[in-house]
Structure formats: structure tokens, C-alpha cells
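Contents: one structure, followed by commentary.
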Amino acid sequence: MSAALNEAPNCPRRYPAKPTDVYLFGTCVLDLFDPEAGVSVVSLLEREGIRVHYPQDQTCCGQPAYTSGFPDQARAVAARQLPLFAGDWPIVVPSGSCGGMMRHHWPRLFADDPALLPLATSIAERVLELSEFLLHVVKPRWPRAGAAERVVLHTSCSARREMNTHLSARALLAQLPNLEVVLQDHEAECCGFGGAFSVKHPELSAAIASDKVDALEATAATRMVSADGGCLLNLNGTLQKRGSALRGEHLASFLWQRTQAPA
Amino acid sequence: MSAPLARQRILARLRAAPPQDIPAPTLPLAPMPASDEIRLDQFRRGIEAFHAEVIDARQRTWQTVLAEVCAAKRIGTLMLPPADLADLNPWPGGPRLSRFDRPIEMHKAELFDAIDAGLTIADGAIADTGTLIQADPRRMPRTLSLVPPIHICLLDPRCIYPSLQGALAATPWKQAMPSNLIFISGPSKTADIQQTMAYGAHGPRELIVLLTAGT
Amino acid sequence: MNAPTPIRFHANVRGVLANPVLRASFRGAMDFLMARRAAQFPAADAFEALRAQGEQIRQHSLARLPELLETLEANLQRNGIQVHWAETPLQACRLIIDLATRAGGDLVVKGKSMVSEEIELNHALEAAGIGALESDMGEYIVQLAGEKPSHIIMPAIHKTKEDIARLFADKVPGVDYTDSVDELIQIGRRVLRDKFRDTRVGLSGVNIAVAETGTLCLVENEGNGRMCTTVPDVHIAITGIEKVVARLEHVPPLLTLLTRSATGQAATTYFNWISGPRRAGELDGPREVHLVLLDNGRSGAYADIRLRATLQCIRCGACMNHCPVYARIGGHAYGTTYPGPIGQIVSPHMLGLEATQDLVTASSLCGACGEVCPVKIPIPDLLLQLRQQSQGNAAAPLLPGAGRGRKALQSISYQLFAWLYARPALYRLFSFVATRLRAFTPARQGVWTGSRAPLRPAARSLHERMKSRAGESCA
């Protein structure tokens, strides 16, 4: 959601070597509404020989309060997450917006807190959005091709403008045989979710979402794929309400299902 | 005249704000001047993209080419700058020549309603944007390039700067700005109605640049 | 009169969203402007280098603002340009009325100036018995229709050519209906040409003011700006105090960023550098040139080092062209002089945060505005700052109206959120209960289900799924 643009967005990130262990920050949206996506992340990484650590005390990055103008409340929530990720492992986040919050806004939230700032900064440096982690660090081999299919990709604004990972998901999907990935009209435009924006300005949010869904449907894709749980809540809710057959799926779920070797 | 104390109060508020130290930007040096040929080519493509016409009159006399332009555009009255182009005399079948040699107050009616074209001399041009420069309102009244429906401008292609930065570096403007420095890139235009481009909004609808080897 | 105001933002939005013709017209116009701009910045690296320069020039200028304003004033005066200062729109209007009256003018012919819109100059002039005529084609159309500009660069972008054809046939004497754009423009040209010739006072805005030379720069395509600043006896320019740069060489990067970001042009038809009235030996040009420097809340934004970045703006309009919200509702719905993302960050310091509380939340924070801003204003970050102020959660310095956006229910919700999500065991209990109650998911969930199916928790949370996996693999 929130895009911090002070960091040079074109500066390419240096990626670590493939690690033996990672943390998973599952996000509050996936926790409650799409745990399958979180489990798929684990399955994908374990298949590549990576141990995934999921601290049970994690809850939320604090973004809802932060973007609504409640930094103290965001800080209170974020402060509880910090010690859970104190090791050296990379932190994989299957969401551009939560990743952006942790990578760009946590250091600002704790800028005046000398006790927590070093940890917040260390976490910020280790946060990797799932698609960039898979593409640049894990470099997975896909054991199974999957059937011919046409999917449409929706990229979140945070992945695009805050994490600068908007090409990662596209590049990953391009590695899969028999898969046609199409882009919708006005591909770079927001889906209209924006967290609290969808509640504060429901008509605007609905109008933007409706146009996005029109564009997604116009591609005649059988599935929509996105690496951001927030956008998926919004777009699937809109698709379902209008009775569309199209549904969006988290990138992790899609990748895992499609490339799972037959049991 | 100002609102009472407005100046002091505004400046005081600004001075009370936290100071910041942000160094002056290091601006890249103006690009190396390309050859005359390349600059002319760039200028020409640029200003033509802005819907101006460029005619190379260097192999002939510019007067001949001007006569052809006046005939082609059916120019009935042509206004000249105050003192320049003193040797331009009326020619058979050519337009009536008028000279902008008195203050505008005495020319207004004619300038706005009776002149088909204004003839000016550019003080130079800018290659990378396709821009003509008029830098001396004493020699070239401001309105001569603005009010008549057609603007014909003589340009010596040896005076084309590579860029605006180049022009700023090569001219004395920094020390002494003219009262009005005018850059012109094409005829007057607007896209204010449904993003549709229309020429001749308030200024000239046609701009014709005659390249000359000196006037 | 029910003119849109920011305090009625929600109602304004509902009105425009219900108008499919208007929506299609905005969408088409924004697509056009985005494509035009994209064609001017083909290489991302070159654009980044240029905007870094633009950003630094603006920040450097703002850092020295009081000193530069004094230098500008001294150099303008040396050039024979009279300088006036105004803290408020009312003061600015009075100054201009005085100047116009002294010039014996009963009409002011105006070039495009958003600051003159900001101070509602036309109303003030009319109240003083002085006519005001907009001469930019878009502004002329909007004035004829009795409206306000809906876009800072393309004021009549909300109108189709058929709208304008009907408007001209109704309002311009002796004009028959024509929807030929060329003919419509020629009608405007004829009407305004007589006014340029005969009016004694011309007014313009300023795009860039250069301190070291005492120069006012104006960018335009139509030639009306040159007319207004050249033909009348008196030229009055008005600008915000933030528009000044130190040196002449600071102009080129800003100029190229401005014209390419605004309308996708490498250069505009005219770039007009004004450094004084008509001098001895010159045959035309105004006899008097005045500059009115307006504060109107800018020094309030300046006082806050975080909000100071709003003053970097060069008014190109690219942020609105790329904004998903602006593209849906256009400029009028904002109810402010400056619409779109830039309006959302400058209106609070001009109008206060009470009137603009719904504007600072009207963004999904998608970041498209910040991405295209030619001087790198971090608009999403500034919206976050303003939201904190609006909710009463920010430290001084504060804008007027800070805290007025605070609503009890929302404050309690976020306190509850913090209480629950900062207690892991409690949170797990909450998610356990929520998942077990999924069968009882309400079909209506407030505004969410207005356009979406209800949110339904999964059968088991990720926490639970991971806990049960932990038995099989690692923790």
C-alpha cells in the first residue's frame, strides 16, 4: 500500500546467497483469510531445501494503524514483532505491502528509539518479498510443467513502487512451461484496496476495483495471480459479488499447485 | 505598496522555521557543441515537430524565398522590424510593407487587424528543443512575433546553441537580462478542447523559419 | 449555490461517480496525458538523473527561501518591477484591485494563473466593479460556463467538444453551433483578440522566478500569456512565495521537467522571460510590471521540515494524470483550487485540516503520484504525515485544524487493534475463535460488502496450520 519513494527505486538490490534457514512473516491477512498461501510458501521453500521458521508470536506489521495516522498504535504492534526476527536469517514476506512496511517504515517508526532501531534496521535489510526471494535467491527448479493455461497477473502497488519487485513475479511465471501470462489494461494501476481507504472511501475504492476487475476479465484468463493478500481480498470480493467465474490466487499457492510433483 | 507588515511577517515566519543546509546542485556541464551541421539538423527536426516550416534560403537570396512565401501564403501586408532589413523594398506583386517604427500604441489597430505577417530576425536558436530566440525587444518588438497570424523569422544557422544550458553559458544574459527574452518553438497552439491540437490559438497559426547566411 | 467544497468530498464523489460520460471523459484525457508524458521520458535512468537535479534545485532554493525572496525583490526592483507582498488571499485581491484601479482599468485580461484561482481573484475584482476575463482557452471556456478549472494544466478537461460547442452557441453573441475544434478555437481567438488590444491591465502567474537576475518566467503554448504580459499598459504577475530559484542555470532542468511532465512536450511554444517593463527605445511592452508574492499558508508548511517538501511543487499536474482517484472523479469533486494528489498535500496548509480531513484520506497510497513527480515530492509520505496531524497524533509544528479529523470510533478501533495485535496469545485466541465461527460470517459487513462479497475467515489460521506442521518438520 504505502509507497516510500525516498530510497532510490532504481538502485538494484544486492541479494544474499541461498540460505539454509529463513523466517516467514505470514501477514495477518494470510493468517486469517488465506493460510493456504502461507503453507504453500513453506512447501515451495522446503522443496528447495530451506528450513522455514514461523514464529508463533507474530501478528501484524502494524500497517493498518500506520497508514491511518496512528503511529503509536502501529509502533506498539510492530515492537512485538521485532524480537521474533532477531536472528540473521532472511525474512520472507509473501506480500509487497507488509514487506514495504517492514523494509521502509519500521526504521522510521523506531527512528527515535535507540533500543529498538538497530533491530528494526537489521530486519528492514533482511526483508525479502516472496517473488524476489524465489527469483533472485532461491532460483528454484520446477519439477513439473503443468497443463496449458492462461493466467493474468496483478501486481500490488507496494511491490511495484515500494519494493521494486514488480517484475519478479512476472519473471517467475515466465519460467513455467505451458503457461501464458497476460497483463490487463492499465496494468500498473492500483486495485483500489488501500487498506483503510476501502472503508473510508468505499465508493472510490469500489469504482477503482470495478475497473480493475473489468480489465482482468477482459483478458479471458482462467485465473488471476497476485503476490499480495490485500489486493486479493479486494479483487476476489469484487469478482464474487459480481458473480464472475474468475478468481485470484496467491502466487505461492499457484506456484506450488502447478509445480507439485504427482504424489 | 504591500499589505501592512506583510513582508516583514512572511519573512519572519520563514526565518523562524528550522534551517536546512542543502548544497547547490552540481549541474552537468552543457553538452559539447556538436558541429554546425548537427545542430542545424537537430533544430530543424525539433521545430518542425512543433509544426513550424523551415526553408533553407542559404543557396539563394532570402528576399527571393520571402517573396515566394508571401505569394504562397497570400500575404497582403507584411510588417517589418523598426530598423533592420532596411534594404528590403516592395517588389512587384508582393505584399504591402509596413514598418513597426513607432510605439505600439500608434500601431495597435493596424497590428491587430490589418497585418497578415510579421517578419523578424532571430538572435539565435536552441538545437535540442527546436527553439528560436528573440533577445532584444529594442530591435524586435515583442508583438511582431506574436500578433500577426503568420510569423516569418530569419535565422542564421551559425547561431544555434546546442541546448538552453549552452545558450545561458554563451550569452551575457546572466549579467544583463533583456527586459523580455522570448523563446519560440512553433506556432501558437492549444489542446484545451478535448485534447485536440489546434493551431493559431492567440498567436500566429503559422511559423516559417528562413535559414539565411546573414541579413 | 452549491459549489463543491472539500468538506463535502464524499457527496461530491458520489455525484461524479454516477456520471458515466464524465468518467469516460476523464479516463480518456488521463490516458492521453500519461502516454504523452511517457513518450518524453523513454529512458528511466535519464529521467531519474534529471528529477534528482530538479529535486535538489527546489530543495536548495527552499532552504534559502527568505534570503532568495529578498534578493529577488531587490533585483526585480532594480529592473523596474514593483514588488508587493500578501499574507492572505484577501490582501492579494486588495492589492490587485488597487493596482487595476490606479491603472484606470475596468477590465483585467488574465493569462493562466492558478494562484489567481487560489485567491478567487475574479470574484473580488467583480465585487469591486472590475471585470476579469480569462484568456487561456481552457480557462475562457470554464469561465464562460461559470465553473472552475478541473485540472491545473488543462482546465476544461471535463468538457467534451460538444459541451463547448453548445456553450459557445449559447453564450457567445453571434455564434452558431459548431463542434469543429478549429472553429471553436477561432471563435475564442476572435473574442479575446479585441480584449488584448484594448485592455489596460493584464495579469499572469509565474512558473519560475529567478532571484539573481530578477526575472519572471512564464511557460505557455497559446500566446495569451505573452499577450497579457506585453500588450496592456500594466502587467500584474502573482505567484506563491515558493516559486523562486537562486540562479539562471537552475531554470533549464526545471523547465524541461515541467513541460515534459505536464503535457509531454520537449518545450512549450513560448517561454517568456520577463525582466522589466518597456525600456527606453523599446516600442512595446507594458509600462508597469508588478509582482504580488502570496503566502496563504505556505510559510505554515515551511515551518514543518517534513511538510516543506510540498513547496517543491512546480505545478506540472503529472500526479493528477497518474492518480487512480483523480482519474475517476476529476478535479471539481475535491472542492479545492488544486485537485489531485498535489491538491491533497497543499490544500491543508491553505485551508486547514478541518476542511480537508477527507482529502488526506482519499488515497490508496498507491504511490503513482510520487513515482512520476518530476521533483520527487514524496506525496504518499506527506499524506501519512497529514493523516497523523488530522488524527491528532503528530507533534508540533501543526497545521491549523490538526486533530479535527479524529473520530471516536476510529480511535477506539486502532486502540483495540494495538491492544489485541500486541498480545500474541490473545491474538491466537481471537483467530481461533474467528475461524471456528466462519459459518456465522455475516453477509453484510458494513461498507465492505457494498461492492464485495463478505470476508470469510479460513477454517484454520496459518498459525494453527504451521503449528501442526511443526510436528512433521522443523519449527
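None of the figures in this text is laboratory data; all of them are computed from the coordinates on show. If you're wondering where the values come from, they're calculated on a predicted model, not measured in any experiment. Cβ sites come from the backbone with ideal geometry, for glycine too, and all protein chains shown count toward neighbours.
Can you pull out the chymotrypsin sites (Phe, Trp or Tyr not before Pro) in segment B:54-160 whose DSSP state is coil and whose Cβ has at most 10 other Cβ atoms within 10 Å?
none
Quick one: Karplus J couplings for segment C:224-236, per residue in order, coefficients 6.51, -1.76, 1.60, θ = phi - 60°, nearest Hz, x for Gly and Pro?
Per residue, the Karplus-derived 3J(HN,Hα) values read 5, x, 5, 4, 5, 9, 10, 7, x, 5, 10, 10, 10 Hz.
At q = 0.17 Å⁻¹, what log₁₀ I(q)/I(0) does a Debye calculation on the Cα points of segment C:269-352 give, no solvent, two decimals?
Debye curve over Cα of segment C:269-352, log10 I(q)/I(0) at q = 0.17 Å⁻¹: -0.83.
Return the aspartates and glutamates within reach of residue C:195: Cα separation strictly under 12 angstrom, same-chain partners fewer than 8 residues apart disregarded; answer none if there are no such residues.
List returned: C:106, C:134.
Under DSSP H, which helices of chain C have Cα atoms covering 27 Å or more of the helix axis and a Kyte-Doolittle average no less than -1.0?
C:20-40, C:44-63
Starting from the Cα of residue A:111, step 7 Å along the direction of its Cβ; do the same at residue B:176; then give the gap between the two resulting points in nm.
4.9 nm
At a threshold of 8 angstrom on Cα-Cα distance, excluding pairs fewer than six apart, so keeping six or more, what relative contact order does segment C:95-139 reach in percent?
It comes to 47 percent, rounded to a whole number.
With the Cα gyration tensor of segment C:408-472 giving a ≥ b ≥ c as the square roots of its eigenvalues, does the rule (a/c under 1.5 for rounded; else a/b larger than b/c for prolate; else oblate) give rounded, prolate or oblate?
oblate
Quick one: 3J(HN,Hα) in Hz for segment B:164-172, Karplus 6.51/-1.76/1.60 with θ = phi - 60°, rounded, Gly and Pro as x.
4, 4, x, 5, 5, 6, 9, 10, x
Please give me, ordered by residue number, the chymotrypsin sites (Phe, Trp or Tyr not before Pro) of segment A:151-258 that lie in loop per DSSP and have at most 11 other Cβ atoms within 10 Å.
Passing both the DSSP loop test and the Cβ count: no residue.
Note down the relative contact order for chain C as a percent, whole number, built from C-alpha pairs under 8 angstrom at least six residues apart. Don't jump to the answer; show the numbers that get you there.
On the way: 802 pairs, mean separation 92.1, N = 475.
So the answer I get is 19 percent.
Could you grab the relative contact order for chain A? Cα pairs under 8 Å, six or more apart, rounded to a whole percent.
Values: 448 pairs, mean separation 56.0, N = 263.
Relative CO of chain A lands at 21 percent.
Please give every one of the lysines within straight-line cross-link reach of residue C:407, meaning a C-alpha to C-alpha distance under 21 Å, and leave out same-chain neighbours fewer than 8 residues apart.
Candidates past the 8-residue exclusion: A:200.
Could you state the principal axis extents of the C-alpha atoms in segment A:21-137, from the largest down, to the nearest angstrom?
41, 29, 24
For each of C:150, A:210, B:179, count neighbouring Cβ atoms within 10 Å of the residue's Cβ, then give the residues from fewest to most.
Working: C:150 27, A:210 17, B:179 22.
Going from least to most buried by this count: A:210, B:179, C:150.
Please name whichever of C:19, C:50, C:434 sits farthest to the positive end of the charge dipole of chain C, dipole taken about the Cα centre and charges placed at Cβ: Lys and Arg +1, Asp and Glu -1.
Value: C:434.
When the convex hull of the C-alpha atoms of chain C is computed, what volume per residue in Å³ does it have?
185 Å³
I want to verify a result. In a Gaussian network model of chain B, Cα cutoff 10 Å, which of these has the top mean-square fluctuation: B:35, B:145, B:188?
With Cα springs under 10 Å in chain B, the top fluctuation among B:35, B:145, B:188 is at B:35.
Name the most mobile residue of A:96, A:62, A:87, meaning the one with the largest mean-square fluctuation, in a Gaussian network model of chain A with Cα contacts below 10 Å.
A:87
Given a Förster radius of 51 Å and the C-beta distance between residue C:183 and residue C:120 as r, what FRET efficiency does 1/(1 + (r/R0)^6) yield to the nearest 0.05?
0.95
Any of A:139/A:212; B:73/B:108; B:108/C:112; C:110/C:171; C:161/C:376; A:241/C:161 with alpha carbons more than 25 Å apart? Name them for me.
Flagged as over cut-off: A:139/A:212; C:161/C:376; A:241/C:161.
What size of dipole, in debye to the nearest 20, comes out for chain C about its Cα centre when the only charges are +1 on Lys and Arg C-beta atoms and -1 on Asp and Glu C-beta atoms? Please list the in-between numbers first.
Details: 53 positive and 44 negative charges, 510 e Å.
The dipole of chain C has a size of about 2440 debye.
Can you check what the net charge comes to around residue C:418, using other residues whose Cβ is under 14 Å from the Cβ of residue C:418 (Lys, Arg +1; Asp, Glu -1)?
Values: positive: A:75, A:80, C:423; negative: A:72.
After counting each charged neighbour, the total is +2.
Order A:228-236, B:38-46, C:211-219 from most to least packed using the mean count of other Cβ atoms within 10 Å.
A:228-236, C:211-219, B:38-46
What is the angle, in °, between the Cα long axis of helix B:62-72 and the longest principal axis of the Cα atoms in chain B? Nearest 10 is fine, range 0 to 90.
It works out to around 80 degrees.
Please find the FRET efficiency linking residue C:396 to residue A:56, where r is the Cβ-Cβ separation and R0 is fixed at 41 Å, and quote it to the nearest 0.05.
After rounding to 0.05, the efficiency reads 0.50.
What is the log10 of I(q)/I(0) for the protein assembly as shown, computed with the Debye formula using one identical point scatterer on each Cα and no solvent, at q = 0.05, 0.10 Å⁻¹?
Debye output, listed in q order: -0.33, -1.13.
Give the shape of chain A as rounded, prolate or oblate, defined through the alpha-carbon gyration tensor: a ≥ b ≥ c are the square roots of its eigenvalues, a/c under 1.5 means rounded, and otherwise the shape is prolate if a/b is larger than b/c and oblate if not.
oblate
Using the Cα centre as the reference, give the magnitude of the dipole from point charges on the C-beta atoms of the protein assembly as shown (Lys, Arg: +1; Asp, Glu: -1; all else neutral), rounded to the nearest 20 debye.
The calculated dipole for the protein assembly as shown is roughly 2220 debye.
Give me the net charge of residue C:296's neighbourhood, meaning all other residues with Cβ under 14 Å from the Cβ of residue C:296; Lys, Arg count +1, Asp, Glu -1.
Combined, the nearby Lys, Arg, Asp and Glu give -1.
List every residue whose amide H lies under 5 Å from the amide H of residue B:154, counting only residues 5 or more places away in sequence or on a different chain, with H placed 1.01 Å from N in the peptide plane.
Excluding prolines and chain starts, which carry no amide H, the hits are B:120, B:121, B:122, B:210.
Along the positive direction of the dipole of the protein assembly as shown (beta-carbon charges: Lys, Arg +1; Asp, Glu -1; about the Cα centre), which of C:196, C:175, C:29 reaches farthest?
Value computed over the given set: C:29.
Could you compute the net charge surrounding residue C:242? Neighbours are other residues with a C-beta less than 11 Å from the C-beta of residue C:242; K and R count +1, D and E count -1.
Values: positive: C:58, C:243, C:298, C:308, C:315; negative: C:295.
Around residue C:242, the charge tally is +4.
If I model a spin label at residue B:197 and residue B:68 as a point 7 Å from the Cα along the Cα→Cβ vector, what separation in nanometres do I get?
Going by the 7 Å Cα→Cβ label model, 2.5 nm.
Give the residue from C:317, C:351, B:179 lying farthest towards the positive end of the charge dipole for the protein assembly as shown; charges sit on Cβ (+1 for Lys and Arg, -1 for Asp and Glu) and the dipole is referred to the Cα centre.
Value computed over the given set: C:351.
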